[in-house]
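Heads up, the thing below is written out as structure tokens.
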Amino acid sequence: MSDTPPEGVPRAEQPSDGDDGHTVAYGRGRRERAAKGRPSAKGAATASGPPPRKRNRVPRLGRVERTVLERRFARLGWGFATPALFVVLAVTLFPIAYSVAMSLSHVEVSAGGFHLSGFTGEHYGLLLRSGRWWHALIFTVLYTIGTVLAELILGTIIALVLERLGGPGRGWMMALLLLPWAMITVVSAQLWAYMYNGVYGVLTSISEGITGHPVQFLGTRFPAIISMAVADVWKTTPFVAIIVLAGLMMLPDDVNEAAKVDGAGAWTAFWKVRLPLLRPALTIAVLFRILQAFGIFDLPFVLTGGGPGDATESMALLGWHVMFTNLDFGPGAAVAASTALLVLVGCLLFLRAFKARVADEETTA
């Protein structure tokens, strides 16, 4: 028989001259181990170059210098602001704290003044049992809601009109718009009192020419409330308009262009696109107006004196009457402290509702 294997069957490796079978087996095993350890072509290409070096981030010297400079400016700013903070503490926080202490103490009045002695909660109990305090609270809340809503609507409309104006016309209109806001409230209230006067008032004469009989704007209950609200809206609407106009000027132009491309009309673009973007500006305006309207004192004091009867008596005016007319310092301080507490709670609830609305919209989006 021939030693040649059939076709298709690999020939066994034959030892060469001088080699035995052990040497061939040893060589084959060494070559197999070398083949297993040899990297593939892709791995060889990857391993051919040096391994990537990690870049250590070294802080730049410029950033350190800017940080030190920012700290110096911050200390300088606190240094300049410290006197103003002391003034705020002395003028605002100290009277509030003293009013709270007075409302929780027995107040003894004498010829030499008054002094506090002992702790009591009787003054707040007296307020809760007083129908006059509840009437002042309801009037103040309703007056605040009505005037703030009216100022928000009118201020937004005026801001939209001013936005469309261009050139020097906008500057002149803004200057005229700021005149009522720049006027002192006592002066503007006196001017409106002249116009509302039942004998020689301009508005009284106009109403007589239209209806045939003069309207007593400040002599009856409901017209007095409306007249005071009109005077307040006339004075404070420019403030809301300026804030809303600033918010409109900050909106990007591509928002309006995208709304027009999508086929939205003027009302739809404002209600669906621009108004949600104006919420921060509107929130600032509403918060400022709530603080001012809830603590209103000078306008009813000059215009109506709280009358007729107690129809236009606000919380602040009630506190003034109780403390300085009746000389009841404890209950008067309780009225002032309760007013400040209600304003604080109202502002916090408004901010919480605003944040919850924004969070819901972000979750939906």
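The values are calculated or read from the model by the stated rules, or taken from the named source; none is laboratory data. As the structure is a computational prediction, the values presented were derived from the model and not from experiment. Positions of Cβ are backbone-derived with ideal geometry, glycine not excepted, and every protein chain shown enters the neighbour counts. Calculation scope for accessible area: heavy atoms of the full protein, side chains included, ligands and nucleic acids excluded. Shrake-Rupley method; radii C 1.70, N 1.55, O 1.52, S 1.80 Å.
Table: residues versus (1) more than 33 Å from the chain's Cα centre (by Cα); (2) at pLDDT 90 or above; (3) not aliphatic (A, V, I, L, M).
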site	(1), (2), (3)
177	no, no, no
184	no, yes, no
189	no, yes, no
223	yes, yes, yes
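For the range 277-316, give me the residue count where each residue is of a type in the set (Val, Ile, Thr), within 19 Å of residue 221 (Cβ to Cβ) and surrounded by fewer than 19 Cβ atoms within 10 Å (Cβ to Cβ).
Looking only at that region, the number is 1.
Which of the residues that make up the range 317-335 are open to solvent by less than 50 Å² (accessible area, probe 1.4 Å) and touching a residue at least 60 places away in the same chain (Cβ under 8 Å)?
Result: 317, 318, 329, 330, 331, 333, 334, 335.
Is at least one residue of the range 336-349 more than 26 Å from residue 283 (Cβ to Cβ), touching a residue at least 60 places away in the same chain (Cβ under 8 Å) and open to solvent by less than 60 Å² (accessible area, probe 1.4 Å)?
Checked against the condition, which is being more than 26 Å from residue 283 (Cβ to Cβ), touching a residue at least 60 places away in the same chain (Cβ under 8 Å) and open to solvent by less than 60 Å² (accessible area, probe 1.4 Å), the range 336-349 yields at least one hit.
Please tell me if residue 112 is without any contact (Cβ under 8 Å) to a residue 24 or more places away in the chain, over 16 Å from residue 323 (Cβ atoms) and open to solvent by less than 40 Å² (accessible area, probe 1.4 Å).
Criteria not met by residue 112.
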